[in-house]
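Everything on this sheet refers to the single structure shown next.
The values are calculated or read from the model by the stated rules, or taken from the named source; none is laboratory data. Note that this is a predicted model, so its numbers are computed, not measured. Counting neighbours? That spans all protein chains shown, and the Cβs are built from the backbone with ideal geometry, glycine included. With ligands, DNA and RNA removed, areas are computed over all heavy atoms of the protein, side chains included. Shrake-Rupley method; radii C 1.70, N 1.55, O 1.52, S 1.80 Å.
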Amino acid sequence: MPETLDPAAPGFARDPYPYYADLRSRGPAARVTLANGTHAWLVTGYDRARAVLADARFSNVPPQRAGRPRPDSPARRAQACLARHMLNSDAPDHLRLRRLTTAAFTPRRVDALRPRIEHLTDGLLTGLADTLAREGSADLVDAFAFPLPVLVIGEVLGVPEADRADLREWTYCVGSPADALAPGAADEAWAALHAYFSSLIAHKRRTPGEDLFSSLVHDAGEGGLSDEELLAMAFLLLFAGYETTMNLLASAALLLLTHPAELAAARAGGEAHWAAVAEETLRHASPLEGTTWRRTTEAVVLQDDDGRAEIPAGESVLVVLAAANRDPRHFPAPDAFRPARHLPGPGGRRPAPHLAFGHGPHFCPGARLARLEAAIALPRLFGALPHLRPAADPATLPYRPGLLVRGPRRLPVRNAPPAPPNG
Ligand code: HEM
């Protein structure tokens with residue numbers, strides 16, 4: 001086990017699970033040194049993860065940034081605005097922002113998006129099939145897993161169709177590693193998103209639409225959101241919604257391509273089986289590797305059968321969802337990809353719920369939407385491209401660095417029928 005944890009190391013990014021299993025065996029929380037020289041407490045067991053996420057002594061409010069202030073610019077202002085959202089807040093602020101969001105994301109409103117998501121999925125698949133026929137291979141992340149969630153957030157925010165290409169491009173730029181872009185491109189994209197969302201909010205105040213975001217602008221009456229809060233909310237919905245869902249779709253596709261028997265079972269099993277594939281992907285390849293950082297507001301003692309950890313006040317704590325979801329005490333053979341474990345067992349028995357959408361007050365309000373996207377996208381992808389297969393060795397695919405999100409950065413595929421038998 002390395003003394004220092006480097007989340008950007010390619011080996012760790014691809015397979016962090018043995019490291020987390022080791023940490024889990026050491027007690028309820030382990031203090032690690034990160035490659036940037038800071039320290040953090042990692043919580044990797046399932047029961048302890050749930051307990052910490054429901055415990056108000058672990059705050060979501062980030063500490064004030066120390067050191068020299070960074071120069072002001074439209075991009076910095078956009079990033080600062082993004083930082084003032086509900087995921088970075090505790091009760092009572094959090095409760096107010098959260099109540100409005102859950103009121104906008106009702107099951108009825110989310111389910112009403114189905115025909116639009118189907119339409120967007122089919123449009124992307126037509127483009128992907130053309131690229132595959134023309135060029136022989138394509139990147140499933142770039143051509144499908146990334147654009148679909150961004151387009152769906154466009155629906156949620158009520159972004160007019162004519163502006164969706166811009167939204168996709170700006171999101172791509174702010175989400176890409178800086179060295180993958182021309183100098184200044186990310187800053188320009190941040191500023192463009194900020195300006196665009198500001199004018200979108202002004203427009204929705206004048207002319208509300210049918211979208212979920214319009215209901216956030218208008219439904220709240222007296223306790224409604226200020227323009228600043230709406231701006232932070234638009235950024236949060238975009239970033240909380242696209243990168244996570246992108247990783248869910250990419251990881252599910254990769255797992256099915258590398259587990260042909262599970263793909264065949266899903267094809268034969270219909271809706272319930274596809275839903276089980278999504279649940280097992282969320283557990284086995286949790287798209288959010290860790291929650292956002294928590295900070296102890298006072299000294300906290302955690303104790304369980306594996307030992308005791310005393311975390312002083314003011315320490316950074318990360319609940320590692322990807323590790324909790326592989327805790328053998330709740331998921332037998334945790335490293336195996338077995339969608340059937342989510343189908344009702346004898347007597348309707350179900351396994352422990354996975355923690356991929358978090359737990360407690362910040363539990364993901366977009367869970368139903370993410371599940372709906374997967375339920376539409378996966379069967380349609382494998383239906384439209386029946387001979388889909390990897391075009392690169394899956395064991396060598398690069399993964400996103402860092403402790404927050406987890407998924408393959410690229411997934412090259414082709415759509416080639418099996419070669420006819422010789423003779
Ligand atoms: C597979 C897809 C998704 C996964 C795995 C996921 C996971 C999570 C998790 C684990 C949290 C809690 C983080 C924490 O406690 O620090 C969270 C919060 C959140 N998610 Fe999601 N999410 C997904 C999709 C979405 C979508 C599609 C939306 C909206 C369009 C969304 C909106 C949010 C928001 C607004 C929060 C903050 C809630 C709060 O602070 O109370 N998520 N998500």
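Odds and ends about this structure:
- Ala261 falls short on exactly one of the conditions (1) out of contact with any Phe, Trp or Tyr (no Cβ under 8 Å at 6 or more places or on another chain); (2) crowded, with 22+ Cβ neighbours inside 10 Å; (3) within 21 Å of Pro379 (Cβ to Cβ); (4) hydrophobic (A, V, I, L, M, F, W, C), and that condition is (2).
- Some residue of region 102-116 being in a helix (DSSP H, G or I), small (Gly, Ala, Ser) and farther than 28 Å from Ala192 by Cβ: yes
- Selection of region 140-168 for residues being within 24 Å of Pro287 (Cβ to Cβ) and open to solvent by 40 Å² or more (accessible area, probe 1.4 Å) yields Asp142, Arg168.
- Residues located in region 369-398, provided they are of a type in the set (D, E, K, R), part of a helix (DSSP H, G or I) and more than 9 Å from the ligand (Cβ to nearest atom): Arg380
- Restricting Thr171, Thr121, Thr131 to those that are modelled with pLDDT under 95, in contact with a helix residue (DSSP H, G or I) (Cβ under 8 Å, 6 or more places away or on another chain) and under 28 Å from Leu257 (Cβ atoms) reduces the list to Thr171.
- Under the condition of being within 17 Å of Ile376 (Cβ to Cβ), open to solvent by less than 20 Å² (accessible area, probe 1.4 Å) and hydrophobic (A, V, I, L, M, F, W, C), the residues counted in region 121-139 number 2.
- Those residues of region 117-141 which are more than 17 Å from Glu373 (Cβ to Cβ) and either of a type in the set (A, V, I, L, M) or part of a helix (DSSP H, G or I) (or both), in sequence order: Thr126, Gly127, Ala129, Asp130, Thr131, Leu132, Ala133, Arg134, Glu135, Ala138
- Selection from region 181-207 of residues that are modelled with pLDDT of 90 or more and part of a loop (DSSP other than H, G, I, E, B): Thr207
- Just one of the listed residues (Gly348, Gly314) is without any contact (Cβ under 8 Å) to a residue 12 or more places away in the chain and surrounded by fewer than 17 Cβ atoms within 10 Å (Cβ to Cβ), and it is Gly348.
- Residue pairs whose Cβ atoms lie under 8 Å apart, separated by 6 or more positions or on different chains, with the first residue in region 231-249 and open to solvent by less than 20 Å² (accessible area, probe 1.4 Å) and the second among the basic types (Lys, Arg) and more than 9 Å from the ligand (Cβ to nearest atom), are Ala232/Arg84; Asn247/Arg400; Asn247/Arg406.
- Arg57 vs. criteria under 18 Å from Val301 (Cβ atoms) and open to solvent by 50 Å² or more (accessible area, probe 1.4 Å): yes
- Test: Asp90 is at pLDDT 80 or above and in a loop (DSSP other than H, G, I, E, B): yes
- In region 399-423, the residues that are in a loop (DSSP other than H, G, I, E, B), within 20 Å of His259 (Cα to Cα) and open to solvent by 40 Å² or more (accessible area, probe 1.4 Å): Arg409, Arg410, Pro417, Pro418, Ala419
- Condition met for Val405 (farther than 30 Å from Phe213 by Cβ and among the β-branched types (Val, Ile, Thr)): no
- Among the residues making up region 357-368, a single one is more than 6 Å from the ligand (Cβ to nearest atom), among the hydrophobic types (A, V, I, L, M, F, W, C) and not in a helix (DSSP H, G or I): Phe363.
- Tally of residues being aliphatic (A, V, I, L, M) and within 10 Å of the chain's Cα centre (by Cα) across region 281-302: 2
- Among residues of region 101-113 being within 11 Å of the ligand (Cβ to nearest atom) and farther than 17 Å from Ala375 by Cβ, the one that is surrounded by the most Cβ atoms within 10 Å (Cβ to Cβ) is Ala104.
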